[in-house]
Amino acid sequence: MGRLSRRAFTLAAAATLSGLATGGDAAAVPEGPRAVGEMRGMWLATVSNRDWPSRTGLTAAQQRTELLAHLDTAVRRRLNAVMFQVRPTADAMWPSPYEPWSQYLTGVQGRNPGWDPLGTAVAEAHARGLELHAWFNPYRIANHTDPTRLVASHPARKHPDWVVPYGGKLYYNPGLPQVRAFVQDAMLDAVSRYEIDAVHWDDYFYPYPVAGQVFDDDAAYAAYGAGFPGRAAWRRDNIDRLVREMADRIKEIRPAARFGVSPFGVWRNATTDPLGSATRAGVQTYDDLYADTRKWVRAGWIDYIVPQLYWNIGLAAADYAKLVPWWAAVAKGTGVQLYVGEALYKAGDPAQPAAWQDPAELSRHLTFARDHPQVGGHVFFSAKEVGADRIGAMARVVADHYQQPARSAR
């Protein structure tokens with residue numbers, strides 16, 4: 001998860017649970033003994049200007065100042081990694097030869113913002129001792145269904161047969177081999193250009209289900225679905241192929257870069273599959289997004305996984321205290337690092353349950369997870385809340401758990 005959409009879908013799921021930078025402006029990394037290696041990350045969302053830029057149309061200097069302020073906030077909170085969303089809607093936060101400049105920079109898709117946000121983010125993150133994970137959304141094209149609103153040069157305009165409208169959005173069809181190759185090429189352009197520390201994907205593969213609507217991939221299934229027991233198995237294979245191929249290509253281009261995925265927090269409910277978690281989630285990634293996230297970990301196809309465990313301890317339908325042990329058991333012995341995605345955005349939100357009005361809820365999450373050695377850290381959604389910290393939940397996490405500066409999570 002873009003994060004605006006991810007937040008909306010997470011809330012919906014809860015309801016159904018029934019140029020390169022110049023030097024000299026990096027924040028000083030705190031002195032003193034370094035903590036043991038652990039992930040302390042935050043998502044920096046750009047879709048719909050969720051975290052950055054604060055609005056479209058800012059000057060290059062204003063955009064850059066805001067970006068560096070987020071990196072400085074990460075240092076101040078004693079974090080060590082930023083998941084920076086650089087391809088929110090089949091567009092780019094760098095000068096890509098494959099896709100247009102993101103509309104979230106200038107307000108006009110394809111318009112050059114006059115600088116290189118990803119190049120700057122990599123250089124300035126590293127100057128501050130932060131990892132920079134480049135966060136891509138593989139298949140989402142637009143948060144609307146009108147192709148004519150895309151810039152004329154957009155690949156989706158040139159290849160309308162690649163596009164499926166669904167749920168008020170446009171998506172590339174994951175069932176087409178040419179789409180799978182193209183989206184990999186588009187993402188790998190950034191991997192080849194920049195010394196990123198990781199490629200990071202969120203929770204969107206096939207889109208979240210929308211009641212009463214059908215994702216129309218009939219033609220692709222007819223062309224490529226032979227030999228599968230059904231459409232669901234074929235769809236899962238399409239996503240498996242994307243993951244395996246991307247993993248191999250990342251290692252070929254930049255061997256030091258890791259590959260991580262942040263899926264919705266429930267693979268399958270135990271009532272659906274005895275291997276599943278003791279949850280009653282309305283969304284299951286295996287069945288609804290066709291993403292077999294458990295397999296990817298058990299097979300070692302990815303380097304790390306950050307399940308979005310966006311629920312409080314004790315929630316009947318999806319209990320944080322039941323999901324952490326489940327994911328720890330999945331990761332055990334695989335060599336795949338397990339980090340936990342944390343819903344900082346819920347802290348102090350009056351629309352959330354009472355547990356989220358307590359500034360100590362998130363700190364309790366970290367205390368609980370500490371008893372599971374497979375958990376190698378946490379990632380907070382998202383940067384705006386890391387800075388604003390509505391009720392002091394992040395400050396409580398820092399005081400209770402991040403007393404020492406963090407070293408790299410590697």
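The values are calculated or read from the model by the stated rules, or taken from the named source; none is laboratory data. In this text, all values refer to a predicted model and were calculated from it rather than measured experimentally. Cβ placement follows ideal geometry from the backbone for every residue including glycine, while neighbour counts extend to all protein chains displayed. Accessible surface is based on the protein model in full, side chains and every heavy atom, while ligands, DNA and RNA are left aside. Shrake-Rupley method; radii C 1.70, N 1.55, O 1.52, S 1.80 Å.
Tallying residues that are closer than 16 Å to R235 by Cβ and aromatic (F, W, Y) within the stretch 273-321 yields 3.
I'd like to know if the stretch 239-250 contains one or more residues that are at positive phi and not aromatic (F, W, Y).
Going residue by residue through the stretch 239-250, those that are at positive phi are none.
No, there is no match, as no residue in the stretch 239-250 is at positive phi and not aromatic (F, W, Y).
Quick one: which residue in D189, D248, D216, D237 is within 24 Å of W43 (Cα to Cα) and of a type in the set (D, E, K, R)? Unique residue meeting the criteria: D189. Note on the stretch 320-340: residues that are assigned to a strand (DSSP E or B) and closer than 10 Å to Q374 by Cα total 3.
Mind checking which residues of the stretch 37-78 are aliphatic (A, V, I, L, M) and open to solvent by less than 10 Å² (accessible area, probe 1.4 Å)? M39, M42, L44, A45, V47, L67, L71, A74 - these are the residues of the stretch 37-78 that are aliphatic (A, V, I, L, M) and open to solvent by less than 10 Å² (accessible area, probe 1.4 Å). Checking each residue in the stretch 341-358 for being assigned to a helix (DSSP H, G or I), touching a Leu at 6+ places or on another chain (Cβ under 8 Å) and open to solvent by less than 10 Å² (accessible area, probe 1.4 Å) picks out only L344.
Return yes when P274 is open to solvent by 50 Å² or more (accessible area, probe 1.4 Å), within 28 Å of S408 (Cβ to Cβ) and part of a loop (DSSP other than H, G, I, E, B) and no when it is not. No: the conditions fail for P274.
Here is the figure for the stretch 183-218: residues that are among the aromatic types (F, W, Y), open to solvent by 10 Å² or more (accessible area, probe 1.4 Å) and either assigned to a helix (DSSP H, G or I) or in contact with a Pro (Cβ under 7 Å, 6 or more places away or on another chain) (or both) total 1. Any residue in the stretch 314-332 that is of a type outside the set (S, T, N, Q), on the phi > 0 side of the Ramachandran plot and open to solvent by 10 Å² or more (accessible area, probe 1.4 Å)? Yes - at least one qualifying residue is present in the stretch 314-332. Restricting attention to the stretch 141-156, the residues that are surrounded by 15 or more Cβ atoms within 10 Å (Cβ to Cβ) and outside any loop (DSSP other than H, G, I, E, B) add up to 5.
I'd like to know if the stretch 359-369 contains one or more residues that are surrounded by 19 or more Cβ atoms within 10 Å (Cβ to Cβ), among the aromatic types (F, W, Y) and at pLDDT 95 or above. No, the conditions are met nowhere in the stretch 359-369.
Any residue in the stretch 110-117 that is buried (at least 21 other Cβ atoms within 10 Å of the Cβ), within 20 Å of the chain's Cα centre (by Cα) and farther than 16 Å from V151 by Cβ? For the stretch 110-117, residues buried (at least 21 other Cβ atoms within 10 Å of the Cβ), within 20 Å of the chain's Cα centre (by Cα) and farther than 16 Å from V151 by Cβ: present.
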